[in-house]
Amino acid sequence: MLKLRLSRGGTKKRPVYKVVVADSRFARDGRFIEKVGFFNPLLPKDKKERVGLEAERIKYWLGQGAKPTTRVARILGENELMPMPVNGNNPNKAIPKKERNKKEEDKTEAPKADAAPAAEAPKEEKKIV
């Protein structure tokens, strides 16, 4: 499967990404078919040098069935090359992991307590007169 994805370059703690078309089985920074743009996350969002895309080639590869990753889809959406993807919903991301685990344990214990009375209710037989 063809993917439009980011390939990392640059130095330690100074990333610069290439937007590439690659087979999904290849390594992230490995072999790719074509470079179609770049992305520099360290620059402010209002600078035009932050993102550079070859629109015609991207449209060609999308037409050939290449699927963009979520990050590349957002970059393409911001540059109006495709519809902006919907935002994901992960409400647990803001909660520290230790507290998340406690809440999951509480959720698993609560249904067990609720399930017991429900199981007892069908055991009672109704008398037919």
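The values are calculated or read from the model by the stated rules, or taken from the named source; none is laboratory data. These numbers come from a predicted model, not from an experiment. Quick reminder, even Gly has a Cβ in these numbers, built from the backbone with ideal geometry, and neighbours come from all protein chains shown.
Are there any pairs with C-beta distances below 7 angstrom linking a residue in segment 81-93 that is part of a loop (DSSP other than H, G, I, E, B) to a residue that is basic (Lys, Arg), with the two at least 6 apart or on different chains, and if so which?
Leu81/Lys59; Pro85/Arg74
Counting only residues that are over 28 Å from Gly63 (Cβ atoms), give me the strands (runs of 3 or more DSSP E) lying completely in segment 1-50 with at least 2 of them.
Of the strands (runs of 3 or more DSSP E) lying wholly inside segment 1-50, those with at least 2 residues that are over 28 Å from Gly63 (Cβ atoms) span 2-11, 14-23.
Yes/no matrix, rows are residues, columns are (1) surrounded by 10 or more Cβ atoms within 10 Å (Cβ to Cβ); (2) closer than 23 Å to Pro68 by Cα; (3) modelled with pLDDT of 65 or more; (4) not assigned by TED's automatic domain parsing to the domain that holds Leu53:
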residue	(1), (2), (3), (4)
Pro85	yes, yes, yes, yes
Asn101	yes, no, yes, yes
Glu104	yes, no, yes, yes
Lys112	no, no, no, yes
Ala119	no, no, no, yes
Ile128	no, no, yes, yes
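Among all residue pairs at least 6 apart or on different chains, which show Cβ distances below 9 Å where the first residue, located in segment 36-51, is of a type in the set (A, V, I, L, M) and the second is crowded, with 19+ Cβ neighbours inside 10 Å and assigned to a helix (DSSP H, G or I)?
Final answer for the pair search is Val36/Ile58; Val36/Trp61; Val51/Ile75.
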